[in-house]
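Quick note: the coordinates plus some simple rules give every number you see, no bench work behind them. Remember, predicted model here, so these are calculated numbers, not experimental data. Note that we place each Cβ from the backbone using ideal geometry, even for glycine, and neighbour counts take in every protein chain shown.
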């Protein structure tokens, strides 16, 4: 699920990216089978030509999130790496709830050697590792040679990504989180319904709410979301904040300025949610109690007109039932007021090597291998994902859907994308900013918490976070 990127100067975030820095988020989880710790078969010595490196420890333990992208890519790329490095053996633990599986090992000082963490239930553990400065510095990998071809590995990565907060969380130029898939997030709709009925996708929030009557006429609610995982609403809120208050508002939100929670940017952006919760037919009944798979299936079956999601959506739900003729349509995020751009949220998922990994040497070699053309193609073929490397969308075009490809090309052609992430909190802080901001939204949507109460709570939390940072010398 959900982390995001931003450039950092002192503690200021530079969050608007257009076209070239196609960055994406995180992926949503699904209801796949419980995780497994399954070793791939070790490659026989001599099985690959020209293997140049021998490792003191040939065994690598990796833990990966098994969500919308599945686990097949990880099995396949592990086999490819072992074939290229005879004698190595990779054991893979994969689960939608990967954080639950690795947390005891991390606490015990015995973490996996390599981790891909995503999904709204899992990312707090990544935030904790950042807060505790418990990640290995990966700068040397990206300053070193690419795994296949000339030049430094960093030159293969999309512009701006390695310099952003999603990769360099402390603003010191050092890379601690390696980019994985990038994608684009916003509101989705049934393109067939819109085309057949002559419905115009809304470019403003006023036009969005005006479609509630049309939705009711077609026996559906206006909106649903992944109720048990309100972090998905980030995909609407971050662009909405930018639409109202621009860069300054995003700086306030992500750098813990308590004044944000009494600002016009907050009032208008979160006011969207309050209006959806209060207005008849705006929120699909039962949404708050549904998981992502249930709400997404309801959307596909025509029970709601819009849902937030990202470019993994189609593949994640490829086997789900849907209404006749359904076609995925991507809107982006409406703006406040005529003449403003429709935008989208972008994000990059992250891979890390814990500082206490038992085999960092092999983990680094594996990480470098993930950016080879062979791996980029495997990722698209098996996971339908697009790695955050230059030219990836065109390279993998035959392996991703037309809708997904068109989304990437729309951004490449000028659709504005917004990305942003919370700055580090003080080491040892009790606060996880993402949880504090997004989890209480469930109570707003169930009409148990007012915006005034919510903003008062967040004002206090941001004040505490700022005080902790000042006491630690980080401010």
Evaluated at q = 0.20 Å⁻¹: base-10 log I(q)/I(0), Debye formula over Cα of segment 78-197: -1.31
Treating only the Cα positions of segment 207-312 as identical point scatterers, give the base-10 log of I(q)/I(0) from the Debye formula at each q in 0.14, 0.18, 0.19 Å⁻¹. -0.59, -0.89, -0.96
Could you pull out which residues in segment 202-235 have an amide N less than 16 Å from a spot 7 Å beyond the Cα of residue 324, following the Cα-Cβ vector? 219
From zero up to wherever the largest Cα-Cα distance of segment 269-309 sits, split into 10 Å bins and tell me the percent of pairs in each. 28, 57, 16
Distance in nm between pseudo-label sites at residue 248 and residue 267 (7 Å out along the Cβ direction from Cα): 1.5 nm
Order of 369, 313, 55, 223 - criterion: other Cβ atoms within 10 Å of each residue's Cβ, fewest first: 55, 369, 313, 223
So between residue 340 and residue 279, what do we pick up on full extension, going 0.36 nm a residue minus the alpha carbon distance? 19.5 nm
Ranked output for segments 442-455, 394-407 by mean other Cβ atoms within 10 Å, highest leading, reads 394-407, 442-455
Given labels modelled 7 Å from the Cα in the Cβ direction, how far is it in nm from residue 218 to residue 403? 1.3 nm
Working from Cα positions, state the angle (0 to 90°, nearest 10) between the long axis of helix 451-472 and the longest principal axis of the chain. 30 degrees
Output needed for segment 148-215: three equivalent-ellipsoid semi-axes, defined as square roots of 5 times the C-alpha gyration tensor eigenvalues, in descending order, whole Å. 42, 16, 8
Quick one: length gained pulling residue 439 to residue 210 fully straight, 0.36 nm per residue minus the C-alpha distance? 79.7 nm
For every helix of n ≥ 4 consecutive DSSP H residues, a contribution of -39,500 (n - 2.57) applies; sum these over the chain, divide by its total residues, and give [θ] at 222 nm rounded to the nearest 500 deg cm²/dmol. -10500 deg cm²/dmol
Rounded to whole angstroms and listed largest first, the alpha-carbon spread of segment 352-475 along its three principal axes comes to 50, 41, 26
Could you pull out which residues in segment 136-170 have an amide N less than 20 Å from a spot 7 Å beyond the Cα of residue 381, following the Cα-Cβ vector? 147-149
So for R0 = 45 Å, FRET eff. of residue 297-residue 470 from the Cβ-Cβ r, to 0.05, ends up at 0.45
Give the Rg/Rh ratio for segment 363-425, taking Rg as the radius of gyration of the Cα atoms and Rh as the Kirkwood radius, to two decimals. 1.06
Relative contact order for the chain using alpha-carbon pairs under 8 Å, separation at least 6, rounded to a whole percent? 27 percent
Expressed as a whole-number percentage, the relative contact order of segment 340-449 with C-alpha contacts under 8 angstrom and at least six residues apart is 30 percent
Can you give the FRET efficiency to the nearest 0.05 for residue 390 and residue 200, using r as the Cβ-Cβ distance and R₀ = 45 Å? 0.80
Crossing angle, helix 360-369 versus the chain [Cα axis fit, 0-90 degrees, rounded to tens]: 60 degrees
Net length gained if the chain between residue 170 and residue 132 were fully extended (0.36 nm per residue, minus Cα distance): 12.5 nm
Residue 447/residue 148 FRET efficiency (R0 60 Å; Cβ-Cβ; nearest 0.05): 0.65
Inverting the mean 1/r over all pairs of different Cα atoms, compute the Kirkwood radius of segment 92-131 and quote it in Å. 10.3 Å
Return the inverse of the average 1/r over all pairs of distinct C-alpha atoms in the chain, which is the Kirkwood hydrodynamic radius, in Å to one decimal. 22.6 Å
